[in-house]
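A short write-up of the structure that comes next.
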């Protein structure tokens with residue numbers, strides 16, 4: 001089994017469990033540059049995996065997407081097409097692709113699988129979204145026309161230990177954790193929130209996604225071409241700040257920077273198809289943030305771990 005993107009948050013958690021069940025190849029970027037078409041093909045040809053779980057991508061939060069739209073589109077398209085094309089040409093029978101909920105149309109209350117390609121994308125991450133649409137449809141086409149099982153998991157926003165906390169790459173929850181922790185250390189009276197704080201987002205704790213992956217491996221032949229995996233519930237940006245504030249133990253005043261973008265007003269997945277397979281998320285928001293903050297303290301802070 002080949003696992004790409006094993007150094008990322010999802011990859012780290014998944015590899016830890018996979019290696020107890022399978023023979024796993026998990027090359028680092030130094031060992032395998034997925035932007036290199038020939039190198040990718042040669043690696044898969046050499047090791048002949050029966051399974052590929054494809055997680056690798058160039059990722060970042062809203063700021064990184066806005067500042068690097070060309071990079072996010074071109075590099076993700078290259079990575080995805082190099083891996084999928086090599087797998088197809090070398091007749092790898094099973095392929096589990098990971099996309100993103102940002103590939104669905106913007107400004108809809110709940111996003112179902114059949115919403116794909118039915119509306120405009122959110123402009124702030126359009127490049128990344130387009131790359132995920134391409135990989136999803138490419139996998140579907142291969143499965144339909146060639147008898148292989150190339151399926152796509154569409155997770156909602158994720159968080160947890162081994163996430164990115166640096167400003168240039170972090171998503172909402174890790175960004176808030178770092179911001180609130182720093183505010184506590186510096187005794188800041190005010191903390192700024194981008195936009196109104198009313199935008200709503202759904203976040204799934206990473207270990208809940210991992211539990212679905214093993215169901216997907218077991219049931220790959222009956223999975224739909226792409227399937228949503230999320231919490232089934234969303235919260236406002238302000239509510240995330242408030243929850244992190246409680247966990248960190250610091251209560252600043254929130255200020256709202258209306259000059260900053262806040263992206264889509266809401267984004268929540270319809271996860272009924274995943275529930276029908278016997279899966280459900282089990283980690284509450286509070287529990288997930290506590291575990292993530294504990295990890296942050298253990299790695300990035302000199303303070304005593306809670």
Would it be correct to say that residue 178 is assigned to a helix (DSSP H, G or I), more than 25 Å from residue 227 (Cβ to Cβ) and touching a helix residue (DSSP H, G or I) at 6+ places or on another chain (Cβ under 9 Å)? yes
Considering each residue of the range 37-51, count those that are more than 23 Å from the chain's Cα centre (by Cα) and either within 22 Å of residue 209 (Cβ to Cβ) or assigned to a loop (DSSP other than H, G, I, E, B) (or both), and give that number. 3
Counted residues, the range 116-125 - those being out of contact with any strand residue (DSSP E or B) (no Cβ under 8 Å at 6 or more places or on another chain) and either farther than 23 Å from residue 262 by Cβ or without any contact (Cβ under 8 Å) to a residue 60 or more places away in the chain (or both): 6
Sort out which residues of the range 88-119 are under 17 Å from residue 213 (Cβ atoms) and in a strand (DSSP E or B), and write them in order of number. 94, 95, 96, 97, 98
Could you run through the range 208-236 and say how many residues are in a helix (DSSP H, G or I) and either surrounded by fewer than 19 Cβ atoms within 10 Å (Cβ to Cβ) or modelled with pLDDT under 95 (or both)? 9
Run down 33, 80 and say which single residue is modelled with pLDDT of 95 or more, assigned by TED's automatic domain parsing to the domain that holds residue 124 and assigned to a loop (DSSP other than H, G, I, E, B). 33
Residue list for the range 267-283, restricted to those being modelled with pLDDT under 95 and either surrounded by fewer than 18 Cβ atoms within 10 Å (Cβ to Cβ) or farther than 26 Å from residue 219 by Cβ (or both): 267
Any chance residue 32 is over 26 Å from residue 229 (Cα atoms), crowded, with 16+ Cβ neighbours inside 10 Å and either without any contact (Cβ under 8 Å) to a residue 40 or more places away in the chain or in contact with a helix residue (DSSP H, G or I) (Cβ under 8 Å, 6 or more places away or on another chain) (or both): yes
Considering each of 59, 154, 83, 70 in turn, give the residue that is surrounded by fewer than 22 Cβ atoms within 10 Å (Cβ to Cβ) and within 26 Å of residue 206 (Cα to Cα). 59
Being under 22 Å from residue 199 (Cβ atoms) and touching a residue at least 12 places away in the same chain (Cβ under 8 Å) narrows 113, 109, 75 down to just 109
Going by the structure shown, is residue 182 under 30 Å from residue 299 (Cα atoms) and without any contact (Cβ under 8 Å) to a residue 24 or more places away in the chain? yes
Sole residue being closer than 23 Å to residue 236 by Cβ and either within 15 Å of the chain's Cα centre (by Cα) or modelled with pLDDT of 95 or more (or both), chosen from 182, 163: 163
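The values are calculated or read from the model by the stated rules, or taken from the named source; none is laboratory data. Nothing here was measured: the structure is a model prediction, and the numbers come from that model. Methodologically, a virtual Cβ is constructed for each residue, glycine included, from the backbone with ideal geometry; neighbour enumeration extends over all protein chains shown.
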